[in-house]
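See below for the structure under consideration.
The values are calculated or read from the model by the stated rules, or taken from the named source; none is laboratory data. Worth saying up front: this structure is predicted, and the values here are computed from it rather than measured. Cβ placement follows ideal geometry from the backbone for every residue including glycine, while neighbour counts extend to all protein chains displayed. Heavy atoms of the whole protein, side chains included, go into the accessibility calculation; ligands, DNA and RNA do not. Shrake-Rupley method; radii C 1.70, N 1.55, O 1.52, S 1.80 Å.
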There are 2 protein chains.
Amino acid sequence: MKAKGVQRTPTTDNSQRTTSGFKEGLERDSTVEERVHNFNAGPAALPLPVLKEVKENFLDLHGSGMSITEISHRSSLFEEIINDAFDMTRRLLQLSDDYHVLFIQGGASLQFCMVPMNLCLPGRPVDYINTGIWSTRAIKEAQIQGKDVRIIATSEDGGFTYLPTDYTVDRQASYVHFTSNNTIMGTQWRQFPDGEGVPLISDMSSDFMSRPVDVKPFGLIYAGAQKNLGPAGVAMVIIREDMLRRVPDNLPTMLKYTTARDNRSLFNTPPTFAIYVIGLVLRWLEETIGGLKEMERINEEKASLVYEVIDKSEVYQGVAERRSRSMMNVTFRLPDDELEQRFLAEAIENGFHGLKGHRAIGGCRASLYNAVTIESVKSLTAFMREFEERSI
Amino acid sequence: MKAKGVQRTPTTDNSQRTTSGFKEGLERDSTVEERVHNFNAGPAALPLPVLKEVKENFLDLHGSGMSITEISHRSSLFEEIINDAFDMTRRLLQLSDDYHVLFIQGGASLQFCMVPMNLCLPGRPVDYINTGIWSTRAIKEAQIQGKDVRIIATSEDGGFTYLPTDYTVDRQASYVHFTSNNTIMGTQWRQFPDGEGVPLISDMSSDFMSRPVDVKPFGLIYAGAQKNLGPAGVAMVIIREDMLRRVPDNLPTMLKYTTARDNRSLFNTPPTFAIYVIGLVLRWLEETIGGLKEMERINEEKASLVYEVIDKSEVYQGVAERRSRSMMNVTFRLPDDELEQRFLAEAIENGFHGLKGHRAIGGCRASLYNAVTIESVKSLTAFMREFEERSI
């Protein structure tokens, strides 16, 4: 099942991805793992030092004689792992004591239903801003529950290629929900909507931990792990104490935010492996990268490199409007389908993976999550320029 | 963070755990992982060849140049992984076409609420047999939803140390729910209750895939993965086609069995790593072990070895009644707390981990899931005998 004709990056000698360069013909060496440039939209690239640490310890975690997948979630070893993850999250986001950090299974999609179920105030509407497919799904789940859903702004008329600026928050609303970064069309709120005192709730799955966030206006933030945090199979939820008082008594136990809070996310067996890897990613963010401000600077540099190619190009056309475009997911098209297919095929041949756009809209997309290195991005932009030269 | 004084089993030369023997003083060798005898109740031991394969491929899965944690759930590589897992499950359980295999996050605890939500027929009761803490939790979730819950049998009077034989199924019941194996007290239905035509629903978390099961009387079987199947963070659900027709339209999308069925468990991002490991475990079951009949034979042999020591002992006292006791979780006590603590401490010193009973009842428990080898069990029984000799 070896992929053919793929140029890869050997991972033997240092802990960062090195630049393979799209023109260099690296000899395959079966004794080393060979890594590609991974621009997947999620599950996505993870920091190589983290992957190496997981591998290194996989049969014997910290001298326990067991794999991380084999230890009890009630063991002191796992308690330390999950508590470290909570603590690092609190430090990275500078959370005050009135915020709780929770791990909940089911991804952002389960949050779409848990948010209205737990946090809609009786007789009060819920406000949503619709900026794409994921917002639309969140709205649908509130509607299924019969909530008084008010879509206070939408960019559906423009095919979700921009973020709406004109909206009026209902002062009576239980909350205002928005998607901070829209992976499919490649838009991102660089400045968050103003809730005017109504608690903000945000699906931050695809840009969580990519930049500092002032959490104060937020009643709840949720993020599926599989973009910037770790493996798929868990969502991180940041919830403010006052929101927990809204949780109705009669909900199923597993669907109440209070269950996770009261049991420190250990009511039942949590996804221990995913939480372990998230802990390693958070430590990498804190210690190797140096925190969210530095992460943001790196992410801005990466996105600028790709947007610069697009903005100067006669071949690549950006999908999202400039003022709305995302640091995380750079979406672009080529003039015709044939050229686009050739671009994507040659990209893979040269070791650039995950550049195919979402199946709902096609085109191309480079996802530049935290773990994607500047070296990978520079290799990509060099390839894009070279491809353009050949194609004009 | 190295554990001290622990005798371990080196894992260098073959793919099965070897017997360390509690008396042999193995020299620690820092170049090999040293493994303990793992009797954890869940998350629990996984087959060593599976762990080795995960480790081996962790930076580069099948020549993709990516980790299993970094590949898209929409990639052909992952499609193959999940489809193989479905196919192997169907073969191992000999499922006919009217059964569907689903992966759902949230463990058995989310199934406690999904079962009544999806499968209770309007105006009809739901029957439950209460054989322990997990059954009690399942019952509670049906009650929270206001269902007409009828507890047709319970062994609560005997502290759940036996399985009730006397019960009458309500012919009008939507289903009869029972827990096939009770991890905490160590009881197991060797012959399943008779539903008398009413569909059986069973939480098989702790003995799923440990023996052949005739699925025909079952409308639904569910099992958290972290005992016999793989890492924590996913439940496998086997559901019969006619059950799916009961699913109400207005449920939250993520909580409907039809959503998982219609999307082949890929409605949203599934826990890709857990499913990958489950696939490797299923392959090990099928190819290395030789199927569920052979697995059952091995499990019976393992359980017999431990029960033999208990039955002949003046020190170890079995907790569960003989006719109800479990092949998977052997529960026992020692005459006094001081001796019990000494037994548990010396067990750990000799490389036997996870023998402490559930925090709800104390005592000792050896969980003998599929991946626990006969060699580990023989080492344990030798240690138990030797400890007894010294203690009388």
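Charge dipole (Cα centre; +1 on Lys/Arg Cβ, -1 on Asp/Glu Cβ; no other charges) of the protein assembly as shown amounts to roughly 860 debye. Out of A:Leu119, A:Thr187, A:Pro43, whose Cα points farthest toward the positive end of the dipole of the protein assembly as shown (charges: +1 Lys, Arg; -1 Asp, Glu; placed on Cβ)? Most positive-ward Cα: A:Leu119.
A label point on B:Ala360, set 7 Å along the Cα-to-Cβ line, lies at 4.2 nm from each of its counterparts in the other copies, closest listed first. Counting only DSSP H runs of at least 4 residues, each contributing -39500 (n - 2.57), and dividing by the residue count of chain B, the helix-based mean residue ellipticity at 222 nm comes to -10000 deg cm²/dmol. Counting Cβ atoms of other protein chains within 10 Å of each residue's Cβ and taking the mean over peptide B:285-293 gives 0.
Roughly how much accessible area, to the nearest 100 Å², goes out of reach of solvent when B and A pair up, both sides summed, probe 1.4 Å? Please report the intermediate quantities before stating the final value.
On the way: alone 17130 and 17160 Å², together 28670 Å².
In total, chains B and A hide about 5600 Å² from solvent.
Take each residue in A:71-83, count the other chain C-beta atoms within 10 Å of its C-beta, and the mean is 3. Proximity of backbone amide H atoms, modeled 1.01 Å from N, is registered between B:His177 and B:Asp127, B:Tyr128, B:Ile129, B:Ile201 at under 5 Å, excluding neighbours fewer than 5 places apart on the same chain.
Considering only chain A, what is the antiparallel percent among its DSSP beta bridges, to the nearest 5?
Here the share of antiparallel DSSP bridges comes out near 60 percent.
For A:Leu121, the point set 7 Å out from Cα toward Cβ sits 4.4 nm from its twins in the other copies, listed from shortest up.
Considering chain B as a Gaussian network with a 10 Å cut-off on Cα pairs, which listed residue, B:His62, B:His177, B:His353, attains the greatest mean-square fluctuation? It is B:His62. Computed from backbone phi, the HN-Hα couplings of region B:189-194 come to 6, 6, 10, 6, x, 8 Hz, rounded to whole numbers (Karplus: 6.51 cos²θ - 1.76 cosθ + 1.60, θ = phi - 60°; Gly and Pro given as x).
For region B:76-287, with only Lys/Arg (+1) and Asp/Glu (-1) charged at the beta-carbon, what is the dipole magnitude about the Cα centre, in debye rounded to 20?
Working: 19 positive and 24 negative charges, 56 e Å.
Here region B:76-287 has a charge dipole of around 260 debye.
Under 10 Å, Cα contacts only: if you run a Gaussian network model on chain B, which one of B:Leu59, B:Leu48, B:Leu244 comes out with the highest mean-square fluctuation? Looking only at B:Leu59, B:Leu48, B:Leu244, the largest GNM fluctuation is found for B:Leu59.
Can you tell me, using C-alpha contacts under 8 Å and at least 6 residues apart, the relative contact order of region A:76-287 as a whole percent? Kindly include the intermediate steps, with their values, before the conclusion.
Values: 387 pairs, mean separation 56.3, N = 212.
That works out to 27 percent.
Taking the 1.4 Å solvent-accessible surface of the protein assembly as shown as the whole, the part contributed by carbon and sulfur is 47%.
Considering only DSSP beta bridges where both residues belong to the protein assembly as shown, give the percentage that are antiparallel (nearest 5). Don't skip to the end; give the middle numbers.
Numbers: 46 of 80 bridges.
So the antiparallel bridges amount to about 60 percent of the total.
Report the calculated FRET efficiency for B:Leu339 and A:Asp97 (r = Cβ-Cβ distance, R0 = 41 Å), to the nearest 0.05. The value I calculate is 0.40. Give the separation of the Cα centroids, region A:191-264 to region A:346-374, in Å. Taking the Cα centre of each part, region A:191-264 and region A:346-374 sit 28 Å apart.
Among DSSP bridges having both ends in region B:76-287, what percentage is antiparallel? Round to the nearest 5. Please report the intermediate quantities before stating the final value.
On the way: 13 of 28 bridges.
Roughly 45 percent of the beta bridges in region B:76-287 run antiparallel, per DSSP.
Within 10 Å of each Cβ in peptide B:139-151, how many partner chain Cβ atoms are there on average? Round it to a whole number, please.
1
Taking a probe of 1.4 Å, how large is the accessible area per residue of region B:204-324, in Å²? Don't jump to the answer; show the numbers that get you there.
Details: 4140 Å² over 121 residues.
With the other protein chains kept in place, region B:204-324 gives 34 Å² per residue.
In nanometres and ascending order, the distances from the B:Arg74 label point to those of the other copies are 4.2 (point 7 Å from Cα along Cα→Cβ).
In a GNM of chain B with a 10 Å cut-off on Cα contacts, which of B:Val36, B:Val234, B:Val330 has the highest mean-square fluctuation? Of B:Val36, B:Val234, B:Val330, the Gaussian network model singles out B:Val36 as fluctuating most. Checked against a 23 Å cut-off, the cross-linked pairs A:Lys55/B:Lys356; A:Lys302/A:Lys356; A:Lys256/B:Lys140; A:Lys147/A:Lys216; A:Lys55/A:Lys356 give Cα-Cα distances beyond that limit for A:Lys55/B:Lys356; A:Lys147/A:Lys216; A:Lys55/A:Lys356. Legend: calculated FRET efficiency, B:Arg390 to B:Gln143, from the Cβ-Cβ distance at R0 = 41 Å, rounded to 0.05, equals 0.25. Relative contact order of chain B: 22 percent, from C-alpha pairs under 8 Å at least 6 residues apart in sequence. Answer with one residue from B:Pro164, B:Leu92, B:Ala138: the one whose Cα lies farthest towards the positive end of the charge dipole of region B:76-287, charges on Cβ with Lys, Arg +1 and Asp, Glu -1. Towards the positive end, the residue furthest out is B:Ala138.
Label positions at A:Glu294 and B:Asp84, each projected 7 Å from the Cα along the C-beta direction, are separated by 4.0 nm.
Which whole DSSP H helices in chain B pass both tests: a Cα extent of 24 Å or more along the axis and a mean Kyte-Doolittle value no lower than -1.0?
Numbers: long enough: B:76-93 (25 Å, 0.09); B:292-311 (27 Å, -0.51); B:374-391 (25 Å, -0.46).
Going by DSSP H runs, the hits are B:76-93, B:292-311, B:374-391.
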